[in-house]
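Working notes, structure below.
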Amino acid sequence: MAPTDRPPAAQGTQSQQRAQQRQYASKPSRSQAATPASEAADMRLEFQQQQQPGNRTISAPTSPAKTRDSILQRVQSLTDAAKEKASSISNDIKYAAATRRQQRVSKDRLLTLLVVDDENFEWSRYFRGKRFFGDFEIHVEQADIKDLTVTASAERGCTVSMAVLSPSGSRVVRSFRPDFFLCRQSVRDASKDYRNVLLGLNIGGVPSINSLHSLYNFQDKPWVYGQLVQLQKKLGKENFPLIEQTFYPSSGEMSVATQLPVVLKVGHAHGGVGKIKVENNSDFQDMTSIVSVASTYCTTEPFVDSKYDLHLTKIGPHYRALMRKSVSGNWKSCVGSAMLEETEVLERYKFWLDAVAELFGGLDILALEVVVSKDGIEQIIGVNDSALSLLGNQQEEDRKHIFDLIMERLETQVLANMGLQAVSQPQEEEPPAIPARRDSLVSESSVTSSHQSSQPVKANLSRQGSIVSAAAPVPAQQNKAGQLDDTEDTMKNLRKTFAGIFGEM
């Protein structure tokens, strides 16, 4: 029988059972009935469970003290952040105010020195808080050459803009007009070229150490080597031992090396960059492809198995010689560890330095690189300008020598030019005297000098037919007496004229 084919009596019984179940579910049980006693017991049980330390399922209510502490901590953090922000803003304001005060300083008593150098040394410490040349202040602007931008014109000079860090750490741009320039960094290297800085300074007519003319000529090593070759021809190979060098304008000209092993130098670089030792023709041909990728010139010179190198420097009238021996075993003594030792400056070293110092109109600072073979033969392999590296324990002394050079050049070049400009300023000339007519009744007074206060010209009556001339300034009393005499003469002449007229009538 199917479930739907039940008798009517069974279906009525099931309907009654379901109705009773629904009625029973809608009524609260005795245990669930809410009475005052049961509610109080439940509250006591809940409070006891909260007081148990081992119970972790029920969290205690938040304490008012803890809430107050958290609010105070948040307020304190917000206060600290506000103080830090205010301090940063205050530092920026002080920095801007100091810059404005610096700009308000009279230009007649302020000289600006632009120094291109890294951050390892601060040149301003030699000038801070001091007065020079009587009452002149020297302000130092120091930056890396990559942070400089120079704009220039023939009439207004040049303006240098450089990116600097403010005390708050933000990067700002400051502009100024330099009076002197010290270059202590390489203007051009294997991966950088900042010759545009030299071009702008040259148009602006800014004097420098070394001169801008010599700095620009040092931006291609083959060009400098050509000058050394001319110097060797003038002095002789015995007096000026220059290493032999071969120049290749491009990779297409590099067929076979004339002698091996050689040192191949690619392009214009410093510090051992772009320099490789080639021992056979196969390696030389491999280097040809490298040079073709570089798209630049290269040079080769014989490899010298050196005993040590010599670093000869001249800063103004001061000479120094340092012996450098490689400790790491690298054939490049300037790479890796090396031992430095100051040695005696021989007369031939001074002769070499003095001869090279005459190149390009004069070099105030220079260094010669000399390699000494194991046979004791010395050969000059290169020369550096004012961007030379200061080595040894006498670096501070060398910097003071550079400082002395700066002061000397400022006095002989900058201040002298300022004095010439003051003298050459056009002075106000006296206007030419205007010739007067014979019938003029006005007598002109002389023109006083420009340093005296100008006075209005007074017209003095003169007799008819008198010639007007410019007279020298006379005292007030004499001038008044002269005016009275002229008046009396005029009255006498009038009387005579009237008497003659009426007498004729």
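Among all residue pairs at least 6 apart or on different chains, which show Cβ distances below 7 Å where the first residue, located in the range 400-419, is closer than 15 Å to Arg109 by Cβ and the second is modelled with pLDDT of 90 or more?
Leu410/Phe180; Val414/Asp179; Val414/Phe180; Val414/Pro207
Considering only residues that are under 36 Å from the mean Cα position of the chain (by Cα) and in a strand (DSSP E or B), look in the range 248-269 and name the one that is nearest to Asp305 (Cα to Cα).
Leu264
Assigned to a helix (DSSP H, G or I), under 30 Å from Ile402 (Cα atoms), among the charged types (D, E, K, R) and modelled with pLDDT of 75 or more, is that true of Arg101?
no
Checking the conditions here, which among Lys332, Lys277 is touching a residue at least 60 places away in the same chain (Cβ under 8 Å) and farther than 30 Å from Ser211 by Cβ?
Just one listed residue meets the conditions, Lys332.
Is it the case, given these coordinates, that Val160 is among the β-branched types (Val, Ile, Thr) and in a strand (DSSP E or B)?
Yes.
Glu369: under 18 Å from Gln245 (Cα atoms) and either open to solvent by 50 Å² or more (accessible area, probe 1.4 Å) or more than 33 Å from the chain's Cα centre (by Cα) (or both), yes or no?
No.
Among the candidates Tyr216, Tyr126, which residue alone is among the hydroxyl-bearing types (Ser, Thr, Tyr), within 15 Å of Leu113 (Cα to Cα) and open to solvent by 20 Å² or more (accessible area, probe 1.4 Å)?
The conditions single out Tyr126.
Based on what the data block shows, is Ser186 crowded, with 18+ Cβ neighbours inside 10 Å and small (Gly, Ala, Ser)?
yes
Mind checking which residues of the range 372-408 are open to solvent by less than 10 Å² (accessible area, probe 1.4 Å) and in a loop (DSSP other than H, G, I, E, B)?
Ser386, Leu388, listed by residue number.
Quick test for you: out of Val164, Val173, pick the one residue that is open to solvent by less than 60 Å² (accessible area, probe 1.4 Å) and at pLDDT below 90.
Val164
Tell me which strands (runs of 3 or more DSSP E) are completely within the range 270-355 and hold 1 or more residues being within 24 Å of Leu231 (Cα to Cα) and open to solvent by 50 Å² or more (accessible area, probe 1.4 Å), or say none if there are none.
Counting at least 1 such residues, we get 318-326.
Which residue pairs have Cβ atoms closer than 7 Å, lie 6 or more positions apart in sequence or on different chains, and pair a first residue in the range 137-155 that is within 14 Å of Leu198 (Cα to Cα) with a second residue that is aromatic (Phe, Trp, Tyr)?
These pairs meet every condition: Ile145/Tyr194; Lys146/Tyr194.
Could you give me the residue pairs with C-beta distances under 6 Å whose first residue belongs to the range 219-244 and is closer than 19 Å to Thr300 by Cα, whose second residue is open to solvent by 80 Å² or more (accessible area, probe 1.4 Å) wherever it lies, and which are 6+ apart or on separate chains?
Listed pairs, sorted by first residue: Pro222/Phe247.
The values are calculated or read from the model by the stated rules, or taken from the named source; none is laboratory data. Owing to the predicted nature of the structure, the values given are computational and were not obtained by experimental measurement. Neighbour counts are summed over all protein chains in view; Cβ atoms, including those assigned to glycine, are modelled from backbone coordinates with ideal geometry. Accessible surface is based on the protein model in full, side chains and every heavy atom, while ligands, DNA and RNA are left aside. Shrake-Rupley method; radii C 1.70, N 1.55, O 1.52, S 1.80 Å.
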